[in-house]
Structure formats: C-alpha cells, structure tokens
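Structure first, then comments.
The values are calculated or read from the model by the stated rules, or taken from the named source; none is laboratory data. Because the structure is predicted, anything quoted here is derived from the model rather than measured. Heads up, the Cβs are rebuilt from the backbone with ideal geometry, glycines too, and the neighbour counts pull from every protein chain shown.
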C-alpha cells in the first residue's frame, strides 16, 4: 500500500532561503487576477479613517464583547507604522473585507496573519482568497517565505479553504488558545486553534494560487485502508475508534459547527473534545495533517499513536 502522501495531491513544503524576483512578480500577477475575478480592489491601508473602518467591519462580523475586539485602531496604527501589512478589499468603493498581519519569527522570513474577515454579503465571491493572495504577494516582495495563522479546526469551510484552496499545512494544535471568546461566532466555545504554515513558493502553494487546490480522493484513501478515528454516529454525536498502525487516519468535523453551537452547545462541546484529542494528539506525537477532504475529513498520516486517544463516544 502506498503512503498517504502518494494518495493526496500534495508536495512537502520546500525550504526557501531566497525569494526570487520572478516568484514575487508571478505572485503579484496571481493576486491581481484573483482580486479582479472577485470584483474587488485590494489595497494597503494606513490612514486613521481607514483603520476605523476596518475595526467597524470586524465588529460587524464578530460582534465581540466590548472589552475584547479582534484588533483595535490603536494597535493597527502601531502595526502599520512599523511596516506591517494591513489590507482592505473594496467593492464599488465599499470596504467588504480586511486582513491584518505582522512580522513573526524567524526574523526576516515570516509573517503572521492575525485576523481576516469578509462581510457576509461578500462571501462566496472568493474575497478572502483575494486578500490572502495579496498578502502572499506582499510577503514575497518583502523577501518573506512563510505566513502562519490560526483557525478553528471545527469550522469545515475554513479547513477546506486553508488546507485545500490555499494548500497550507497545520503544524500545531493549540487548545483553548485565546480563552473564552464572547462573540456571536465563537459563542463561548473553547477557542481551540490549528496553527497553520503557508510555505509561499512551494509547488503545492503555487498550484493552489493558480487555481488548482490540494485535493483528497477520499474513496481511494478508504480503499487503501484509511480508518475514520472520529466520525459522526447516532444523533450526529462524534464516535472515536482505534486505528491499526501505519494507516492514514480520517478525522471528521461537523458540517456547520457554528449553527451547532447555537442549537446544541453540549453536542458541539463533544465534537470539540473528540477532535482535540484525536487531531491534537496526532500532531503532538509527530504525525502530519496531509490534507482536508471537502466531505469533511482531515487526513492524518500513519505516524501517530497506534490507538486513537479515548474521547467522545467510543465505538464497540
């Protein structure tokens, strides 16, 4: 049986010591085209009025607690003065999305993307992808090779966007990273996050930027012996099972955890624990997440522990 890497359209990240001017120009052309197809103009923002508009946009998306906004105007002002990228996406002159990042370790090679948001009316137009590709081009022009960010591993559409459409790679599971978040999206759920790395000029990322996402053939994986270690059982509750050594793991997430949190917080919490224990345990043991199937499954290589840790409801 081939390895999980053979079954997924993926290329291990390359070590990039130098960013070529050709790569930066190509990334800029790709970003410009993505923005045009999304019907937006993506620009860098530094003026106070623009930063206030970004904070208002984020507030309209997350409706955060008054003492815990995603980012403040004062912080954005300091970040942009220090040379960090802050971009906005405009449709017909109206701000519909924004992205805030800052330089990260290792110094001179990495950027951390702290928050990206798109208003609901502009979603499903690939505005978020246009913002990320603009950020990628900016980073390459400035000699950076990597962008990192975090996302909630239970949000299926974000997992597909990050791992499939952008071809980024999860590198660390962060339990309750921000603590309780009293906003309408997180709904007081524990703020588990996947720390994700985007190797900006790796072959997989270049292909994804050109419109060829990293895909997973779930049927082929199953026929090759992949084992669901977290799956939906009776009542849509998570069921955890063990896996034999050396085979890929499949870790399911619910179709819409945000709606589930509002409808059944206890069930959403079961999914949180099940995915945290399986996926977090795999990453901490040295396993790698190789991709995400659009059907709702993380694919983990066979280097994880031989048994899935006990969590949720265990299958007989």
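Please verify whether residue 97 is at pLDDT 95 or above and assigned to a strand (DSSP E or B), treating the condition exactly as stated. Outline the logic, then answer.
Details: at pLDDT 95 or above: yes; assigned to a strand (DSSP E or B): yes.
Yes.
Within segment 26-71, if we keep just the residues that are without any contact (Cβ under 8 Å) to a residue 12 or more places away in the chain and within 30 Å of residue 179 (Cβ to Cβ), the residue that is nearest to the chain's Cα centre (by Cα) turns out to be 59.
The numbered conditions (1) closer than 20 Å to residue 208 by Cα; (2) at pLDDT 95 or above are all true for residue 124 except (2). Does any residue of segment 131-140 turn out to be touching a helix residue (DSSP H, G or I) at 6+ places or on another chain (Cβ under 6 Å), on the phi > 0 side of the Ramachandran plot, in contact (Cβ under 8 Å) with a residue 24 or more places away in the chain and in the same structural domain as residue 76 (by TED's automatic domain parsing)? Scanning segment 131-140 turns up no residue that is touching a helix residue (DSSP H, G or I) at 6+ places or on another chain (Cβ under 6 Å), on the phi > 0 side of the Ramachandran plot, in contact (Cβ under 8 Å) with a residue 24 or more places away in the chain and in the same structural domain as residue 76 (by TED's automatic domain parsing). Every residue in segment 266-285 that is over 23 Å from residue 218 (Cα atoms) and free of Cβ contacts under 8 Å to residues at least 40 places away in the same chain, please. Answer for segment 266-285, where residues must be over 23 Å from residue 218 (Cα atoms) and free of Cβ contacts under 8 Å to residues at least 40 places away in the same chain: 266, 267, 273, 285. Just one residue in the set 251, 275 is in a strand (DSSP E or B), at pLDDT 95 or above and crowded, with 22+ Cβ neighbours inside 10 Å; that residue is 251.
Exactly one residue among 245, 213 is surrounded by fewer than 17 Cβ atoms within 10 Å (Cβ to Cβ) and in a loop (DSSP other than H, G, I, E, B), and that residue is 245. Taken together, the residues in segment 118-130 that are within 16 Å of residue 94 (Cα to Cα) and either surrounded by 22 or more Cβ atoms within 10 Å (Cβ to Cβ) or without any contact (Cβ under 8 Å) to a residue 60 or more places away in the chain (or both) amount to 7.
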